[in-house]
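Trainee: Got a structure for you, questions after.
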Amino acid sequence: MAHRTEGTKTGMMSPKTGQPRHAALILLTTILASSLSFIDGSVVNVGLPAIGASFAADAADLQWIINAYLLPLGALLLLGGAAGDRFGRQRLLVVGTALFAVASLACALAPSLFWLLAGRAAQGVGAAILLPNSLAILGSTFSGEAKGRAVGIWAAAGAVMGALGPVLGGWLIDTIGWRSIFLINLPPALGAIGLALVYIRDTARGRQTVALDVPGGLLATGSLGAMTWGLTIGTGPAGWTLAAIIAVIFGVILAGAFLYVEKARGNSAMMPLALFGSRTFAGLTLLTLLLYGALGALMVLVPYVLITAAGYSGTGAGAALLPFAALLAVASPVMGSVAEKTGPRLPLTIGPLLVAAGFALLLRIDEQAGYWTDVFPGILVLAIGMAGAVAPLTTAVLSSVDDAHTGSASGLNSAVARTAGMIATALLGGVLGASGHDLIAGFRVAMSLCAGACILASASAFCLVSTRMANRME
């Protein structure tokens, strides 16, 4: 039976708890939908060597296999969240999930690198629609400490999906081939669509009557695309050619135009600049950029180096990240509740410092890297740090705005995280294009820079994030 929505709530209320009677199924729906993004992002990283060999791809091609997905995802997440606020989050969740499923099938059948990149871009558009709306549905369904627990479970489930995906994907690559990794997206997509159609109703749609910020979306996409292309070329074998420099400059100019348009549109912008009037919100955004940029580099480089330099199988490289999933699954729900009680500043200060220590430990990886001595310690410490930061960060962002704008807020935070990963990937050309000892040397430089970024993320939390959390950040 379908359930109607009161206000911004996403189901019929229980008189005892104040939460929808089918809150667990609504939570499951958001987990299945958002897991598509987490699974795909991690499993494709493990498949890079096999895909590159299949299409005779160079380092720049490998970067674009990642960034063809991250570019529309990062640029359009804000628009996807705002569209959900206007047209209905359930409707957009179903549309985005369906698009992602069709694009995944297209990737599995791609006859050439061009068509694979096209499918990856379509996946990015679908993820940009479904991801902010799944989190916005979650934010409007739960409240108080229940919201913290739900966000913790959502974050933990995403981490589990993201880390189990490479293990399954690595096994599929080793036994069937890389095309099969895109087919594992289909079951959770179909499950999310079915549950959303039955258990989620969004009668609050249509409250925002202003036009969608299409100019902002186009400028954001153009800016990120130009800068990503320039950075990819500049950090690759060709170096900083005139074309690369011009692309980056053009991207910066488009970014300036984007900010001008957003300022002129005020509250109708897909990225309302008034949000950054809050010091806490600015601190959370900076922390997200630094922390998730480092994490994006980790997820690309560790499996790639283990397979290419250390001789690991796809299954072994994917399994190397399992401790990351296990710790996040256990600790994230707890940390979400802790942040609701104590405020986000402490966990968001300590967590990134532990992540930085984890990156430092990963400097031990080389051509003879043993898992338990050289890989596991770094992954373990890094996972403990991320467990202390992921759920408090998500909860803090959702708590910084009212229910009417949770789509825009979650979209902005997710966009910053994905943009950070895209920029990090664009800067890895020199590492992905190397081999042997040069690959290990480049990997160690990258891990050192990631550790530094995490230290800066910790400092931004300590200096800018409020010690307490309310319905609206101060």
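Trainee: Using the structure shown, decide if Leu79 is open to solvent by 20 Å² or more (accessible area, probe 1.4 Å) and at pLDDT 90 or above. Walk me through how you get there before you give the answer.
Mentor: Details: open to solvent by 20 Å² or more (accessible area, probe 1.4 Å): yes; at pLDDT 90 or above: no.
When the stated conditions are applied, Leu79 does not pass them.
Trainee: Given the options Leu242, Leu322, Leu290, name the one that is at pLDDT 85 or above and under 23 Å from the mean Cα position of the chain (by Cα).
Mentor: Numbers: Leu242 fails: under 23 Å from the mean Cα position of the chain (by Cα); Leu322 fails: at pLDDT 85 or above.
On inspection, the qualifying residue turns out to be Leu290.
Each row is one residue, and each column tells you yes or no for (1) in a helix (DSSP H, G or I); (2) farther than 28 Å from Thr285 by Cβ; (3) touching a Gly at 6+ places or on another chain (Cβ under 8 Å).
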position	(1), (2), (3)
Gly52	yes, yes, no
Ala57	no, yes, no
Leu62	yes, yes, yes
Leu93	yes, no, yes
Ala121	yes, no, no
Ala127	yes, no, yes
Pro132	yes, no, yes
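Trainee: Then there is this: If you check Ala226 against the conditions, is it under 22 Å from the mean Cα position of the chain (by Cα), modelled with pLDDT of 85 or more and open to solvent by less than 20 Å² (accessible area, probe 1.4 Å)?
Mentor: Working: under 22 Å from the mean Cα position of the chain (by Cα): yes; modelled with pLDDT of 85 or more: yes; open to solvent by less than 20 Å² (accessible area, probe 1.4 Å): yes.
Spelling it out, Ala226 is indeed under 22 Å from the mean Cα position of the chain (by Cα), modelled with pLDDT of 85 or more and open to solvent by less than 20 Å² (accessible area, probe 1.4 Å).
Trainee: Right, Ala264: over 19 Å from Ile66 (Cα atoms), free of Cβ contacts under 8 Å to residues at least 60 places away in the same chain and among the aliphatic types (A, V, I, L, M) or not?
Mentor: Working: over 19 Å from Ile66 (Cα atoms): yes; free of Cβ contacts under 8 Å to residues at least 60 places away in the same chain: yes; among the aliphatic types (A, V, I, L, M): yes.
Yes; evaluated as a whole, the condition is true for this residue.
Trainee: Let me ask something else about it. Being open to solvent by less than 10 Å² (accessible area, probe 1.4 Å) and hydrophobic (A, V, I, L, M, F, W, C) is the filter here, so list the residues in the stretch 337-355 that pass it.
Mentor: Keep residues of the stretch 337-355 that are open to solvent by less than 10 Å² (accessible area, probe 1.4 Å), which gives 339, 343-344, 348, 351-352, 355.
Correct list: Ala339, Leu348, Val355.
Trainee: Residues of the stretch 358-391 being over 19 Å from the mean Cα position of the chain (by Cα), within 30 Å of Val465 (Cα to Cα), small (Gly, Ala, Ser) and buried (at least 19 other Cβ atoms within 10 Å of the Cβ), which ones?
Mentor: If the condition is that a residue be over 19 Å from the mean Cα position of the chain (by Cα), within 30 Å of Val465 (Cα to Cα), small (Gly, Ala, Ser) and buried (at least 19 other Cβ atoms within 10 Å of the Cβ), then Gly358, Gly378 are the ones that fit.
Trainee: Follow-up question, since we're still on this one. Here are the criteria: (1) open to solvent by 20 Å² or more (accessible area, probe 1.4 Å); (2) modelled with pLDDT under 90; (3) closer than 30 Å to Met161 by Cα; (4) of a type in the set (A, V, I, L, M). Tell me which single one Leu183 does not satisfy.
Mentor: Answer for Leu183: the failing condition is (2).
Trainee: Further question on the same structure: What are the pairs, 6+ residues apart or on separate chains, where a residue within the stretch 349-371 that is under 25 Å from Ala441 (Cβ atoms) has its Cβ under 9 Å from a residue that is among the hydroxyl-bearing types (Ser, Thr, Tyr) and open to solvent by less than 20 Å² (accessible area, probe 1.4 Å)?
Mentor: Final answer for the pair search is Val355/Ser458; Ala356/Ser458.
Trainee: Any idea which of (1) in contact (Cβ under 8 Å) with a residue 12 or more places away in the chain; (2) out of contact with any Pro (no Cβ under 8 Å at 6 or more places or on another chain); (3) within 22 Å of Ala59 (Cα to Cα) is the one Ala121 doesn't satisfy?
Mentor: Every condition holds for Ala121 apart from (2).
Trainee: Look through the stretch 121-162, keep the residues that are closer than 16 Å to Lys341 by Cβ and of a type in the set (A, V, I, L, M), and return whichever of them is surrounded by the most Cβ atoms within 10 Å (Cβ to Cβ). Break it down stepwise before answering.
Mentor: Of the stretch 121-162, the ones closer than 16 Å to Lys341 by Cβ are 142-152.
Subset that is of a type in the set (A, V, I, L, M): 146, 150-151.
Details: Ala146: 16, Ala150: 27, Val151: 32.
Among them, the one singled out is Val151.
Trainee: Can you tell which of Ala220, Ala282, Ala189 is in contact (Cβ under 8 Å) with a residue 60 or more places away in the chain, part of a helix (DSSP H, G or I) and under 25 Å from Thr29 (Cα atoms)?
Mentor: Going through Ala220, Ala282, Ala189 in turn, the sole match is Ala189.
The values are calculated or read from the model by the stated rules, or taken from the named source; none is laboratory data. Just so it is clear, the model here is predicted, and its values are computed rather than measured. All Cβ positions, even for glycine, are placed from backbone atoms using ideal geometry, and neighbour counts span all protein chains on display. The area values use the complete protein model at the heavy-atom level, side chains included, leaving out ligands, DNA and RNA. Shrake-Rupley method; radii C 1.70, N 1.55, O 1.52, S 1.80 Å.
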